[in-house]
Structures are given as structure tokens and as C-alpha cells.
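Some notes on the structure that comes next.
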Amino acid sequence: IIRLFYVILLIACVIFYIMYLWDFALVLLVTMIIVPIVMFITLLITKCNIGVDFLTNSNTVQKNQGFPVQIRIINRSFFPVGKAEANIEYCNIFNNEITSFVLHMPIQARNEQNAVFQLNSKFCGILNIHCAGITIYDPLKLFKFTVGKNRNLRIAVMPEGHEINGQVCY
């Protein structure tokens, strides 16, 4: 819908330039043409300079216990990203039920962005956490790119431990 609005605005600028031969109409038309090109180039440069990793405290957790998972996004470019969406999916191999959610965040220029989310599993087994990709947008949301595809993390979900009291007789 934003792209449609931009095309309508561009057509209005062309008509404005044809009807009024002022310098302002030419400057407005050139600006309307150049701004998206600059935004595309800066977003492309940013896409090439972003790295994504998963981090966690431990690769084993207890069943029914929440544990933090951190997604680290490193932006090495000079351009910030105002809106980024991380598509996260996770499933336990035991029941093959896939759950997904989206994290919304900005990414600062020449900085490391950390987003922490909590997960838990009610079944024991291996929990696969998968980043389907992080979609980054330009400020007007005319263009988007996906970075950090197919990042995976595996966590073993262990049963709850119980303390056993007793005496050993020899």
C-alpha cells in the first residue's frame, strides 16, 4: 500500500512539473526520483554488512523451565535500520509441533543489537530453534531484504531432576 501511495505521489509530481514550469516543480520531481534510489543503495549496503548469531547460556535445560535465548545482530555499516523483523521458529523433535513468532526491533549503525526471548518446553527431547530470516526495511518501507537466513540452535530438554534421600549400607 505504501508503494502504491508512492507511485501516485510520483505521478502527481510529474503532472505538477508538466503543468507548472517552475524550478520548484523540477526539484520536487528529481527529489522524488532520487530518494528511493538512495534508500535502496543504503539498504543494500546495510544488508551486506549485517551478521546474525544465536547465543544461549547452556545447551541443556530442564523440562517446563523457562530459559533465555539471545539473538545477536551485528551491523557493521554506517546506516541504521529503523525496522527489522526476526522470524523465529522452534519445535521439539518429540512432538514435531512448530511454533513461530516475530520479534520487532531497530538495528543501530555500527553496533551490536541483542534481543533476548524466553522459551520453554513441556516435553523432553531436542528443541530446534530456527531463524527463518531477519527482514530489514528502508525508512519508507518501499524496499526490504532478508538477512541471517537459516541460523539454527539445538537445545537438549532434560527431565526434571529429583533428589534421592537414602543411606548406603555396607
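The values are calculated or read from the model by the stated rules, or taken from the named source; none is laboratory data. Fair warning: this is a prediction, and the values are worked out from it, not measured in the lab. With ideal geometry, Cβ positions are generated from the backbone for all residues, glycine too; neighbour counts draw on all protein chains shown. Quick note on the areas: whole protein, heavy atoms, side chains included, nothing else; ligands and nucleic acids left out. Shrake-Rupley method; radii C 1.70, N 1.55, O 1.52, S 1.80 Å.
Among the residues of the stretch 1-17 satisfying the criterion of being modelled with pLDDT under 90 and of a type in the set (A, V, I, L, M, F, W, C), which is surrounded by the most Cβ atoms within 10 Å (Cβ to Cβ)?
Start the filter on the stretch 1-17 by keeping residues that are modelled with pLDDT under 90, which leaves 1-3.
Now drop any that are not of a type in the set (A, V, I, L, M, F, W, C), which leaves 1-2.
Values: Ile1: 6, Ile2: 10.
Residue satisfying both the conditions and the ranking: Ile2.
Going through (1) open to solvent by 50 Å² or more (accessible area, probe 1.4 Å); (2) within 24 Å of Val157 (Cα to Cα) one by one, Phe40 falls short only on (2). Kindly establish whether Thr135 is assigned to a strand (DSSP E or B), of a type outside the set (Asp, Glu) and open to solvent by less than 20 Å² (accessible area, probe 1.4 Å). Yes; evaluated as a whole, the condition is true for this residue. Return a yes/no flag: does the stretch 32-51 have any residue that is over 29 Å from Glu112 (Cβ atoms) and among the basic types (Lys, Arg). No: zero hits. Would you pick out the residues in the stretch 146-166 that are open to solvent by 40 Å² or more (accessible area, probe 1.4 Å) and either among the acidic types (Asp, Glu) or touching a helix residue (DSSP H, G or I) at 6+ places or on another chain (Cβ under 9 Å) (or both)? Within the stretch 146-166, Thr146, Glu160, Glu163 meet the criteria.
If you go through the stretch 65-99, how many residues are among the β-branched types (Val, Ile, Thr), open to solvent by 60 Å² or more (accessible area, probe 1.4 Å) and touching a Cys at 6+ places or on another chain (Cβ under 8 Å)? Before the answer, list the steps.
First, the residues of the stretch 65-99 that are among the β-branched types (Val, Ile, Thr): 69, 71, 73-74, 81, 88, 93, 98-99.
With the extra rule that they be open to solvent by 60 Å² or more (accessible area, probe 1.4 Å), the set shrinks to 93, 98.
Then keep just the ones that are touching a Cys at 6+ places or on another chain (Cβ under 8 Å); that gives 98.
Here the count works out to 1.
May I ask you to verify whether Thr56 is within 20 Å of the chain's Cα centre (by Cα), surrounded by 14 or more Cβ atoms within 10 Å (Cβ to Cβ), farther than 30 Å from Gly125 by Cβ and hydroxyl-bearing (Ser, Thr, Tyr)?
Details: within 20 Å of the chain's Cα centre (by Cα): yes; surrounded by 14 or more Cβ atoms within 10 Å (Cβ to Cβ): yes; farther than 30 Å from Gly125 by Cβ: no; hydroxyl-bearing (Ser, Thr, Tyr): yes.
No, not satisfied.
Checking each residue in the stretch 43-53 for being of a type outside the set (S, T, N, Q) and open to solvent by less than 30 Å² (accessible area, probe 1.4 Å) picks out Leu43, Ile50, Gly51, Val52.
Only one of the numbered conditions (1) more than 13 Å from the chain's Cα centre (by Cα); (2) within 16 Å of Ile155 (Cα to Cα) is violated by Ile71, and that is (1).
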